[in-house]
1. Among PHE75, GLY135, TYR153, whose Cα projects farthest towards the positive end of the dipole of the stretch 18-206, with charges put on the beta-carbon of Lys, Arg (+1) and Asp, Glu (-1)?
2. Can you compute the FRET efficiency between LEU90 and VAL113 using 1/(1 + (r/R0)^6), with r the Cβ-Cβ distance and R0 = 25 Å? Round to the nearest 0.05.
3. Taking the Cα-to-Cβ direction at PHE200 and at ALA45 and moving 7 Å from each Cα, how far apart do the two end points lie in nm?
4. With a point put 7 Å past each Cα toward its Cβ, work out how far ASP146 is from SER19 in nm, to one decimal.
5. So what does the Cα-only Debye profile of the stretch 18-206 read at q = 0.08, 0.11, 0.17 Å⁻¹, as log10 I(q)/I(0), no solvent term?
6. Return the loop-located chymotrypsin sites (Phe, Trp or Tyr not before Pro) in the stretch 158-189 (DSSP other than H, G, I, E, B) with at most 12 other Cβ atoms within 10 Å of their own Cβ; answer none if there are none.
Amino acid sequence: MSEPAVGAQGAEPHVFPGSRAVLVRLGVAALLVVLDLWSKAAAFAWIERLDRGGQLVVDACGSAHRRHPIVGEWFTFMLTLNPGAAFGQLHSIPYVLVGGRAVAVVFLVWLIVRTPRGRPWFTSALVLVLGGALGNLYDNLLRARDLELDRFYPLERYPFGPVRDFIDVYFDVWKWHFPTFNVADSCITVGAVLLLASGFFGSRGKSTTAAA
């Protein structure tokens, strides 16, 4: 059983989640990591097979990469190796980038262990961000550096494996091309939105309770 932590006088005690709740949260994060890694491996293997068979479709969206349509021309798969963070940023400081991801993972685990029950949206957000961060960190630390990067990122400047991206969105009517991403990036984005929403609605709920 979880025990309440002693708080300030008049404040509600902080009740830590039980071990079963923590295991469930970390288990869901692990499933998200498995889904991310499976989708990366499957998408890359499929597109590379189409490429070898001469079945790959190339369109004129302005991208230098080859895109294979999944839903019309706006939702496609496109193989990309990203040595940086979102939108390819921070690739010039790889140790800071990967080290920051590792620190974020440790901090997220600490928050998940300490977040009490009764905060489902906040907890779900933490689990989503943790799963996404672990999926991309796996590519950095446990996958071999891709030799194709040597043309753009010298070995001494980027010693880690690149993150595999494959989901590509392009709207021709607006000439708008969103940077290629993966399942891990989607988890992080949805989790960040939930964090903001939980903070906003949680503050409103506390204010209403206090006023009552």
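1. Going by the Cα projections, it comes out as GLY135.
2. Numbers: r = 28 Å, r/R0 = 1.13.
It comes to 0.35.
3. Going from the PHE200 label point to the ALA45 one covers 4.2 nm.
4. Placing both labels 7 Å beyond Cα along the Cβ direction yields 4.2 nm.
5. Result of the Debye calculation: -0.31, -0.57, -1.15.
6. Details: sites: PHE160, PHE166, TYR170, PHE171, TRP174, TRP176, PHE181; in loops: PHE160, TRP174.
Counting only loop positions with at most 12 other Cβ atoms within 10 Å, the chymotrypsin sites (Phe, Trp or Tyr not before Pro) in the stretch 158-189 are TRP174.
The numbers here are math on the coordinates, done by the rules we state, and not lab data. In this text, all values refer to a predicted model and were calculated from it rather than measured experimentally. Cβ coordinates were reconstructed from backbone atoms using ideal geometry, including for glycine residues, and neighbour counts include every protein chain displayed.
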